[in-house]
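To keep things clear, I will list the structure first and then write my remarks on it.
Laboratory data are not the source of any read-out in this text; all were calculated from the coordinates shown. Please read these numbers as outputs of a predicted model, since none were measured by experiment. All Cβ positions, glycine included, derive from the backbone under ideal geometry; neighbour counts span all protein chains shown.
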Amino acid sequence: MIYINSNKLQTLDINKYNTYIISDFDKTITSHNSLDSWAIAGNLLSDNFKDEMQKLYEKYRPIEIDYTITVEEKTKAMVEWYEHCMNLYSKYNLTQSRMIESVRKSISQEKLIFRNGTKEFFTNAKKENIPIIILSAGIGNVIEEALKQQNYYFDNIYIISNFIEFDKNENAKKFDNSKIIHTLNKNMKFKLTKEQTENIKNKKYKILIGDLKEDENMVNKNEWDSTLKIGILDDKTENVLEIYNNTFDVVLTDEDACFQTIKKYLLNN
Ligand code: TMP
Ligand code: MG
């Protein structure tokens with residue numbers, strides 16, 4: 001299903017020359033049944049690692065998708081969650097080569113699943129020179145590696161995310177907590193390079209794509225008038241659908257929760 005706020009859509013004169021894209025990664029570019037980039041990074045580590053990650057997921061994920069608690073409470077929980085996970089990578093000796101191998105296996109075993117139409121969407125954006133910023137509270141190394149392995153990590157794609165650094169023995173370094181990008185601080189205050197900034201500077205419009213309500217903050221509120229906000233909703237319970245319809249200009253569910261729909265209906269090609 002496609003839920004569209006037609007009034008808003010009519011105010012935007014979006015075309016391939018005047019627009020850039022800013023998208024979330026986990027459960028937006030990847031599908032809802034895909035492993036997330038945090039899990040993929042460590043998917044070749046021991047069962048103990050996976051158990052510990054899973055326990056953290058079960059504790060913190062319900063908090064992440066709870067819209068009844070305060071921003072302060074949620075922020076505190078998210079920082080705690082991410083710190084614990086980052087520490088687990090060091091504790092269980094994640095190495096760069098294990099991570100790369102895990103991405104490869106996750107793709108071939110269909111544990112890392114991209115939404116329908118991703119390849120065409122990315123390839124078309126490259127052809128038309130439309131910048132795509134991937135702003136993710138996931139693991140940047142996994143995103144970069146996954147796109148490379150799929151042959152669509154093009155120079156119009158700019159990734160802002162949590163990058164694990166490895167020491168000279170290849171082991172994951174302890175993460176600098178002050179740099180953590182999480183669900184609630186994910187916005188454009190994170191820096192692009194000079195060249196990337198130059199490439200988006202003169203674009204009048206943005207298409208924002210995300211799977212959580214908080215993803216709308218990837219673009220500053222004072223720029224929402226010139227932003228088409230697209231929400232992808234896989235768990236279409238009634239009150240959540242209402243929240244999404246009040247948040248996003250377009251909400252995509254079921255078989256329309258894919259990049260074919262975005263390309264066809266919103267970029268008119
Ligand atoms: P995103 O910003 O690209 O969606 O990536 C971050 C998502 O990953 C966010 O919704 C929280 C989620 N997450 C997991 O699924 N597993 C984890 O272990 C952690 C720490 C976060
Ligand atoms: Mg997401």
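Shape of region 93-206 from its Cα gyration tensor (a ≥ b ≥ c, root eigenvalues): rounded if a/c is under 1.5, otherwise prolate when a/b > b/c, or oblate? Because a/c hits 1.5 or more and a/b fails to exceed b/c, region 93-206 counts as oblate. If you count Lys pairs in region 1-145 whose Cα atoms are under 21 Å apart, skipping same-chain pairs closer than 8 places in sequence, the total is 25. Computed from phi, the 3J(HN,Hα) profile of region 17-32 under the Karplus parametrisation 6.51, -1.76, 1.60 (θ = phi - 60°) reads 8, 10, 9, 10, 10, 10, 10, 6, 10, 5, 6, 10, 6, 8, 8, 5 Hz, with x in place of Gly and Pro. Taking the fewest neighbouring Cβ atoms within 10 Å as the starting point, the ordered list for 68, 227, 253 is 68, 253, 227.
Our coupling estimate for region 239-255, obtained by passing each phi through the Karplus curve with A = 6.51, B = -1.76, C = 1.60 and θ = phi - 60°, is 5, 6, 4, 5, 4, 5, 5, 7, 9, 9, 7, 9, 10, 10, 10, 6, 6 Hz, Gly and Pro reported as x. Taking one quarter of the surface of the C-alpha convex hull of the chain gives a mean projected area of 14.0 nm². Counting charges near residue 259 (Lys, Arg +1; Asp, Glu -1) among other residues having Cβ under 9 Å from its Cβ returns a value of +2.
Length gained on full extension, residue 123 to residue 220, computed as 0.36 nm times the residue gap minus the Cα-Cα distance: 32.2 nm.
Axis of helix 96-108 versus longest Cα principal axis of the chain: the two differ by about 50°, to the nearest ten degrees. The Rg/Rh ratio for region 137-254, using Cα coordinates for both the radius of gyration and the Kirkwood hydrodynamic radius, is 1.01.
Which value, in debye to the nearest 20, gives the size of the charge dipole of the chain about its Cα centre, when Lys and Arg are +1 and Asp and Glu are -1 at the Cβ?
Taking the Cα centre of the chain as origin, the dipole is about 820 debye.
Express in whole angstrom the spacing between the alpha-carbon centres of region 167-198 and region 109-130. Value for the Cα centre distance between the two parts: 23 Å. Placing pseudo-labels 7 Å out from each Cα toward the beta carbon at residue 165 and residue 91 gives an inter-label distance of 2.3 nm. The long axis of helix 140-149 is offset from the longest Cα principal axis of the chain by roughly 70 degrees. Applied to region 70-75, the Karplus parametrisation 6.51 cos²θ - 1.76 cosθ + 1.60 on θ = phi - 60° returns per-residue 3J(HN,Hα) values of 6, 4, 4, 4, 5, 4 Hz, with x for Gly and Pro.
Grab the Cα-Cα distance for residue 245 and residue 7, subtract it from 0.36 nm times how many residues apart they are, and report the gain in nm with one decimal.
84.4 nm
Note on 250, 142, 240: ascending count of other Cβ atoms within 10 Å places them as 240, 250, 142, the fewest first. Computed over region 1-151, the convex hull of the alpha-carbon atoms projects to a mean area of 11.3 nm². Put in order of Cβ neighbour count within 10 Å, fewest first, the listed residues 108, 31 become 108, 31. Between rounded, prolate and oblate, where does region 4-92 land on the alpha carbon gyration tensor, with a ≥ b ≥ c its root eigenvalues, rounded for a/c under 1.5, else prolate if a/b exceeds b/c? Prolate is the answer for region 4-92, as a/c is 1.5 or above and a/b outweighs b/c. Between the amide H of residue 157 and those of 132, distances stay under 5 Å, these residues lying 5 or more places away or on another chain, with hydrogens modeled in the peptide plane. Length gained on full extension, residue 110 to residue 198, computed as 0.36 nm times the residue gap minus the Cα-Cα distance: 28.0 nm.
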